[in-house]
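The values are calculated or read from the model by the stated rules, or taken from the named source; none is laboratory data. These figures come from a predicted structure and were not determined experimentally. Every residue, glycine as well, gets a Cβ built from its backbone with ideal geometry; the counts of neighbours run over all protein chains shown.
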Amino acid sequence: MTHWMSDQVLRGRRRQGGRSTRLLLGAVAAAFAANACLSDVNVPDCIEDRSCVQGGEAGEAGEAGSNASSGSGPRAGSPTTAGEAAVVGGQGGGGNAGGTDDQLEVGGEGGMPASTCKDCEIRPLDLPAPCAGGPYSARLSVQGGTGPYGWRLTPAVEGWEINVDPKNPDDALLTSPAAASADTTLTVEVTDATGARKSQKYTVHAREACWFAYTSLGSQGPQLHLLDPLVIPAAPATLEHETGVYDFQFSPDGAYLAYRFGVDVDHPHGQHLALVELATLKERLVPFGEEVVTGFAWSPDGSVLAASFEVGGVTKLGAARMPAPGSGDSPTSLSPIVAYVESDLYWIGNDFVAYHAEKEADENNPGEFTDNPEKLRTAFVAELGATGFSDQVITEGASGPGVVLRPTDEGLFMISNNPFTRFTKVVGGVSDTAAWHLFISLIAPSGKYTAQLDSDNLLQVLSAETGIFSAPVASAKAGETCPTPLAWAKGAERIACVADVPNQGGATSHGEVRFFDLAGDTLEMSTLGGFCAEDVTALPAASCGQMLKGYAYGTQQATGQARAFSPSGRWFAFTRSEQSDKYLYWADLNAKPPALTGARFYQDGGDPTRLLFSPNERFVLFQQGTLLHVQELASGDTHGLNTHQALGEKCSEDFPMAPDGYCGDTERAATLRWSPDSTLVAYRASGALTVADISHFPADLSFPLPAPDCGDACAAQFAFQPQLHH
């Protein structure tokens, strides 16, 4: 069984049997509820043909008097036909998610008022969002009343129709040939055979970036799927080379999709590149005169697609410049150069491409490169000009075989498995010297700084460009220790740490989460309020009011635990595991001083392995073993999404050895995906991909997509189209 308990100081929630009840938790009281263990629920057989779309956990009824929504909704476990799918809406939906008007009375036959169908329920309560400008179809059904039923929109809305489904007269099809880009409010009314009527109001907000792409194993090998995940039934776009696809990349501006195809025994990653203009689905090859494409990458602005490829045993670096979307023009091929590319391609801004190889400079032949018996790897950089790349330039120094290239807007870090990390500034060509960083703990997402600790566990922030050969940009004050760095925010120069602080008398200690903000040449420290001043090493563990009124979190409890900043750095979340007890904590750092905002307790279900904030910072995804939860930050409400989420890999505390799997770097290693507008979540589970529409949180609509794992045959990617840049 999976149990959870929440206390966001004033409010919690209990769900039993598909119903939601608000609780007011006292200072010591704790609420428990037993749900069927999600891991015991079988994946529906209909997942292979998408013949079902499941509604989420019961949502909460709208607050009395707060809106026109009713708390009524479908009974748990009673699916309704929806297209070729059964749609089970979440309970309630709250707010403007949808609702009924039991007071509606309209004229009946002979001028007599029509009665309200008290036992009728129109389903689903929430509709998936349409794609702006695209065709839309949703199936509605009714439970209760006496068939046959009549349907209408009241009032009529231009461009929208609702008609009885000829295949199933008890259902209706709500359609639009081209959904408007703005919000559309629709009131659906159903009349049963006795003249009793029921209505339900929907507000749908059209999506602009609608495509979802993924690779999986098909009957003919690895395959690329491109579709709108909310369309029922699924209607993948027909691509000219969709079979034998290893990987793909959306352009950052959302205009194009590039994919590598031609997988065979001799070319396990494919041979050629195809390009799809997403607005028109017009497809073309991107020709480089290649025998095989070995890598490709979009420039950050989406204007150029770079590719490494082989011709006659020689590796080259080339690129194609994209035309304006909708122009109908073909990409412009740029002149390639010979390049030593033995890795992925990494853009540094929009003007440079970096890569690495087992080559080093030949001391006897300037400008020449040679293999090296130690198999050390060196980074190379090539500058993009109007007609193509300039000759590649080798960067200073070499590293061991286990290296990770981390690009920034102004240069690149070469992180190796030895104590040294190098940063090379790349502006107008490669700099003559590289900055060395020793025993690095964190790298700023901005790429401007690194962090390390001195012998007193005081935080030192170094300039990326000067490294250890210059004084720190800023240092923590005496006593403001940071023995365990946790994470560095993306949208702010803010670092999280945890420290063990002596209790009174000095015999025991408690843990405190600390934040350091870089302001000029100073580090300003603040402590996260709500820490439990009990011994964090004591057994049994400190209670802290069941560790929901406060957090017990020291260096020992933080080790190996997921933690993350939200994109702007405003929110911070972290997890704790103690035997079968699991905790999620989150804090709004805009509070002065910062204080614990909410906490949630989970029992069983595995260790926490992943945290991922939504782009709009309203939610955080929390993966706990094979379970997946959506936590709303402001309200403290939570919602379980799936039954068999794939296990996430445990994070690493060794930044140099695993920078992309580091516990505080959850974004780069995420196995979960948010849509750009924060309304959709995608995740893999039991041979399928599921896209969940949570725009009416805590209700959700889940759309399963068959996606058998293809092992090494493809990259097993899945991604939403980025937001369009106009």
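Side notes on the structure shown:
- Residues in the stretch 181-194 that are part of a strand (DSSP E or B), of a type outside the set (Ser, Thr, Tyr) and without any contact (Cβ under 8 Å) to a residue 60 or more places away in the chain: ASP183, LEU186.
- Residue match in the stretch 659-673 (condition: farther than 21 Å from LEU627 by Cβ, outside the structural domain of ASN616 (by TED's automatic domain parsing) and buried (at least 22 other Cβ atoms within 10 Å of the Cβ)): no
- Scope the stretch 240-293; condition part of a loop (DSSP other than H, G, I, E, B) and surrounded by 20 or more Cβ atoms within 10 Å (Cβ to Cβ); matching residues: GLU242, GLY244, SER251, GLY254, ALA255, VAL263, GLY270, GLN271, LEU278, VAL286, PHE288
For (1) without any contact (Cβ under 8 Å) to a residue 60 or more places away in the chain; (2) in a loop (DSSP other than H, G, I, E, B); (3) over 24 Å from THR194 (Cβ atoms), each residue gets a yes or a no:
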position	(1), (2), (3)
GLY134	no, yes, yes
ARG139	no, no, no
PRO148	yes, yes, no
ARG152	yes, no, no
GLY159	yes, yes, yes
VAL164	yes, no, no
PRO169	yes, no, no
ALA179	yes, yes, yes
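- Selection count where residues are farther than 16 Å from SER475 by Cβ and assigned to a strand (DSSP E or B), scope the stretch 516-540: 4
- Annotation: of all residues in the stretch 610-652 being assigned to a strand (DSSP E or B) and among the charged types (D, E, K, R), the one that is modelled with the highest pLDDT is GLU632.
- Looking only at the stretch 123-153, residues that are at pLDDT 95 or above and either outside the structural domain of ASP170 (by TED's automatic domain parsing) or within 38 Å of the chain's Cα centre (by Cα) (or both) come to 1 in all.
- Taking the listed residues PHE697, PHE655, the one that is surrounded by 18 or more Cβ atoms within 10 Å (Cβ to Cβ), in a loop (DSSP other than H, G, I, E, B) and out of contact with any strand residue (DSSP E or B) (no Cβ under 6 Å at 6 or more places or on another chain) is PHE697, with no other qualifying.
- Residue ID - surrounded by the most Cβ atoms within 10 Å (Cβ to Cβ), chosen from residues in the stretch 674-694 that are in contact with a Pro (Cβ under 6 Å, 6 or more places away or on another chain) and at pLDDT below 90: ALA688
- Entry remark, the stretch 325-379: residues being among the hydrophobic types (A, V, I, L, M, F, W, C) and loosely packed, with under 11 Cβ neighbours inside 10 Å number 0 in total.
- Matching residues, the stretch 436-459, being of a type in the set (Phe, Trp, Tyr) and assigned to a strand (DSSP E or B): TRP436, TYR449
- Restricting the stretch 584-595 to residues that are outside any loop (DSSP other than H, G, I, E, B) and modelled with pLDDT of 90 or more leaves a set whose member that is surrounded by the fewest Cβ atoms within 10 Å (Cβ to Cβ) is ASP588.
- Sole residue being touching a residue at least 12 places away in the same chain (Cβ under 8 Å), touching a Lys or Arg at 6+ places or on another chain (Cβ under 8 Å) and surrounded by fewer than 20 Cβ atoms within 10 Å (Cβ to Cβ), chosen from PRO401, PRO419: PRO401
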